Amino acid sequence: MIKKITILVTTLFSAIFLNTTSFAADATVEMLNKQGKESMVFSQKIVKINVGDKVFWKATNKGHNIEFIKGGIPEGVEKFKSKYNKDVEFKFDVPGIYAYWCTPHKSMGMIGFIIVGDDKSNLDFIKSIRYSGKSKKLAPDLINSL
């Protein structure tokens, strides 16, 4: 009898916990003037989420915004650019990699990437983006870690 109960409990445990799909929670990224030794930076450079999740960019410090980089978003997604000094949220309904930057600080290395649904099918487009200044040096390492 104890053996049957143990098998039943083990089976239920496996069915509930091992076969469930885990979903990432919505993410928050701060727009910062300084973090550690870096200046003009997003608090997270790479965020991985599931389709349907949202990213909230918090304007922690003034002078920042986010802008999807032309050629750095999945096909079918419209350009997006936030206002300066404003918190902004975006819901990601299309899988793929999204490259973005802070418009006035892109050459200072203020870039980031969102990977939606673990879909990297547009990686070649991400690699072909023309970055400038410090972003040109940072982008290859970030892209390689996607």
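Nothing in this text is a laboratory measurement; each read-out follows from the coordinates by a stated rule. In this text, all values refer to a predicted model and were calculated from it rather than measured experimentally. Methodologically, a virtual Cβ is constructed for each residue, glycine included, from the backbone with ideal geometry; neighbour enumeration extends over all protein chains shown.
For Asn122, the residues 5 or more places off, or on other chains, whose built amide H falls under 5 Å of its own are Ile97. Database remark: amide H of Asn61 closer than 5 angstrom to the amide H of Met31, Asn33 (H placed geometrically; neighbours at sequence offset of 5 or more, or on other chains; Pro and chain starts carry no H).
Label separation (Lys83 vs Lys58): 2.1 nm, computed from points 7 Å beyond Cα along the C-beta direction. Computed 3J(HN,Hα) for the stretch 31-43, one whole-Hz value per residue from the Karplus formula 6.51 cos²θ - 1.76 cosθ + 1.60 where θ = phi - 60°, is 9, 10, 7, 8, 8, x, 8, 8, 10, 6, 8, 8, 4, glycine and proline marked x. Would you please classify the overall shape of the stretch 23-144 from the alpha carbon gyration tensor, given that a ≥ b ≥ c denote the square roots of the eigenvalues, rounded means a/c under 1.5, and beyond that prolate means a/b larger than b/c while oblate covers the rest? Oblate is the answer for the stretch 23-144, as a/c is 1.5 or above yet b/c matches or exceeds a/b.
Sequentially through the stretch 59-64, phi angles give Karplus couplings (6.51, -1.76, 1.60; θ = phi - 60°) of 7, 4, 10, 6, x, 10 Hz, Gly and Pro residues having no value and appearing as x.
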